[in-house]
1. For the structure I just gave you, tell me whether Ser205 is open to solvent by 40 Å² or more (accessible area, probe 1.4 Å) and among the polar types (S, T, N, Q).
2. Just to be sure before I move on: is Ser77 polar (S, T, N, Q) and more than 10 Å from the ligand (Cβ to nearest atom) in the structure I sent?
3. Looking at (1) open to solvent by 60 Å² or more (accessible area, probe 1.4 Å); (2) out of contact with any Phe, Trp or Tyr (no Cβ under 7 Å at 6 or more places or on another chain), find the lone condition where Asp40 falls short.
4. When you look at Ile3, is it more than 11 Å from the ligand (Cβ to nearest atom) and hydrophobic (A, V, I, L, M, F, W, C), yes or no?
5. Go over the candidates Glu143, Glu44, Glu55 one by one and state the one that is among the charged types (D, E, K, R), over 19 Å from Leu198 (Cα atoms) and away from the ligand (no atom under 16 Å from the Cβ).
6. Give the number of residues within region 215-239 that are out of contact with any helix residue (DSSP H, G or I) (no Cβ under 7 Å at 6 or more places or on another chain) and either buried (at least 20 other Cβ atoms within 10 Å of the Cβ) or free of Cβ contacts under 8 Å to residues at least 12 places away in the same chain (or both).
7. Under 7 Å between Cβ atoms, at least 6 apart or on separate chains: pull out the pairs that start in region 20-47 with a residue that is without any contact (Cβ under 8 Å) to a residue 60 or more places away in the chain and end on any residue that is away from the ligand (no atom under 14 Å from the Cβ) and among the small types (Gly, Ala, Ser).
8. Tell me, which residue of region 217-241 that is in contact with a Gly (Cβ under 7 Å, 6 or more places away or on another chain) and within 13 Å of the ligand (Cβ to nearest atom) is farthest from Thr30 (Cα to Cα)?
Amino acid sequence: MAIINLTPDSFSGDGLAGKHPDEVLRRAETAVRDGAAILDIGGESTRPGAPSIGEAEELDRILPVLERLGPLGVPVSVDTNKPAVMRAAMAAGASLINDVNALRAEGALEAVASSAAAVCLMHMQGDPRTMQQAPAYDDVVAEVGAFLAHRVAVALSAGIERQRIVVDPGFGFGKSVEHNWTLMRRLDFLGRNGLPVLVGISRKSMLGAVTGRSVPDRMAASLAAALMAVERGARIVRVHDVAATRDVLRVWEAMQEVPPRS
Ligand code: HH2
């Protein structure tokens, strides 16, 4: 899953806010050529401390791009927690809603339930403005697992079928560095409910903490983390560096007992 941020303030500094939609389209084309199977576009940063923006501004950022991505032939995901943005994005062709808030906003469950789109339910403690101030858990693996199981049950009872649901432990969302690494080590636990697990670790601070490297210099660490996550059962990795991640995963695939047909 390639990250296409249409923001001015994403933590990785790769935001494309203000760029002409054709330039964003070229970035998306490159990601697909490099091996991305899903494009994830987002109009609002969720980095720690990020301010929330309004629906109209978010839609102004994503719709002109979304409308151009259809011909690329890969599923397009929209990273949003706002029901009105979800509805407009799905009407414009998005087939996956990536909600860091796990459909907890009023009307979000209904927006997805009334569509055919898939959804990623992510764990977050608190909200982006305050989540990194004092994250606390008795048992981070059990609590994240229980939260996701609960949100899956809520989604199912709202009419969202199981085969449309993906879960994500939410690396960096209301978690200390140690919480993040504990979750990574036990990622297989989250996959035990049989739902696909998505992980977003690319360039994040948990990698800076162990390598001492700043955001632009975390590619090698990101690749190692993507590989470890897939080894522990992750099915979708959300990344900035598509071509390099694809190579790493090709090598991993070749190492499996029954390599996939190329
Ligand atoms: N991380 C970010 C944004 N969306 N979605 C999912 N499902 N999982 C994640 O880990 C995740 C996510 C944060 O990364 P990024 O989009 O690169 O930065 P920003 O939120 O600052 O735009």
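1. Numbers: open to solvent by 40 Å² or more (accessible area, probe 1.4 Å): yes; among the polar types (S, T, N, Q): yes.
When the stated conditions are applied, Ser205 passes them.
2. When the stated conditions are applied, Ser77 does not pass them.
3. The failed condition is (1).
4. Criteria not met by Ile3.
5. Exactly one of Glu143, Glu44, Glu55 is among the charged types (D, E, K, R), over 19 Å from Leu198 (Cα atoms) and away from the ligand (no atom under 16 Å from the Cβ), namely Glu55.
6. Final tally of qualifying residues: 5.
7. Close Cβ pairs (under 7 Å, with a partner that is away from the ligand (no atom under 14 Å from the Cβ) and among the small types (Gly, Ala, Ser)) amount to Leu39/Ala28.
8. Arg218
The values are calculated or read from the model by the stated rules, or taken from the named source; none is laboratory data. Just so it is clear, the model here is predicted, and its values are computed rather than measured. Cβ sites come from the backbone with ideal geometry, for glycine too, and all protein chains shown count toward neighbours. Heads up: the accessible areas ignore ligands, DNA and RNA and are worked out on the full protein's heavy atoms, side chains in. Shrake-Rupley method; radii C 1.70, N 1.55, O 1.52, S 1.80 Å.
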